[in-house]
Amino acid sequence: MENRLNLLCEAGVIDQPICSSMRRIVRRLDTEWHLPVHTEQGAMAITHMASALMRSRRGDVVEPLDSELLAEMAQSPFWPAIMQAHQALLKECDVTLHASEEGYLLANLYGLWMAAQEGV
């Protein structure tokens, strides 16, 4: 994961502050919530979060996640814990996430949470 973040930074996809924040986020996802960040799904989630933070810093806007999909995920009994983790992770960053990015980050976190429940 460290190599992926360094490559994103070196390529200019993310800046150094976001790279540093993402390293802390990876550690927390791994040690606090025991989520499978060192998997292909985890790498995708981390890459997306880093890119979303950089887009937000630049003021780039994407279309928000489908509200029905978000509502479906919110029915999970794990949703309160996912939301709590999401908010804690955003505090690691010096960027205010654009509202249209939030659903995607929640979807990725939800996916990691479900993978962890399945023992992947």
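The values are calculated or read from the model by the stated rules, or taken from the named source; none is laboratory data. Values in this document were obtained by computation on a predicted structure and should not be read as measured data. Here Cβ is always computed from backbone atoms with ideal geometry, including for glycine, and neighbour counts include all displayed protein chains. The protein model used for the area step is the full one, side chains on, heavy atoms only, and it has no ligands, DNA or RNA in it. Shrake-Rupley method; radii C 1.70, N 1.55, O 1.52, S 1.80 Å.
Screening residue 7 with (1) farther than 24 Å from residue 99 by Cβ; (2) at pLDDT 95 or above gives one miss only, at (2). Of all residues in region 14-63, those that are outside any helix (DSSP H, G or I), open to solvent by 80 Å² or more (accessible area, probe 1.4 Å) and of a type outside the set (A, V, I, L, M, F, W, C) total 4. Which residue pairs have Cβ atoms under 7 Å apart, sit 6 or more places apart or on different chains, and have a first residue in region 53-79 that is closer than 22 Å to residue 17 by Cα and a second that is aliphatic (A, V, I, L, M) and part of a helix (DSSP H, G or I)? Once the first residue is closer than 22 Å to residue 17 by Cα and sits in region 53-79, its partners that are aliphatic (A, V, I, L, M) and part of a helix (DSSP H, G or I) give 53/18; 54/18.
Looking across 101, 118, one residue alone is charged (D, E, K, R) and open to solvent by less than 20 Å² (accessible area, probe 1.4 Å). It is 101.
Considering region 64-95, the residues that are in contact with a Phe, Trp or Tyr (Cβ under 6 Å, 6 or more places away or on another chain) and not in a helix (DSSP H, G or I) include one that is nearest to residue 29 (Cα to Cα), namely 78. Tell me, yes or no, whether region 66-86 has at least one residue that is exposed (fewer than 15 other Cβ atoms within 10 Å of the Cβ), more than 20 Å from residue 2 (Cα to Cα), of a type outside the set (Lys, Arg) and touching a Gly at 6+ places or on another chain (Cβ under 7 Å). There is no residue in region 66-86 that is exposed (fewer than 15 other Cβ atoms within 10 Å of the Cβ), more than 20 Å from residue 2 (Cα to Cα), of a type outside the set (Lys, Arg) and touching a Gly at 6+ places or on another chain (Cβ under 7 Å).
Please specify each residue of region 1-13 satisfying the condition of being part of a helix (DSSP H, G or I) and open to solvent by 40 Å² or more (accessible area, probe 1.4 Å). Within region 1-13, 2, 3, 4, 6, 7, 10 meet the criteria.
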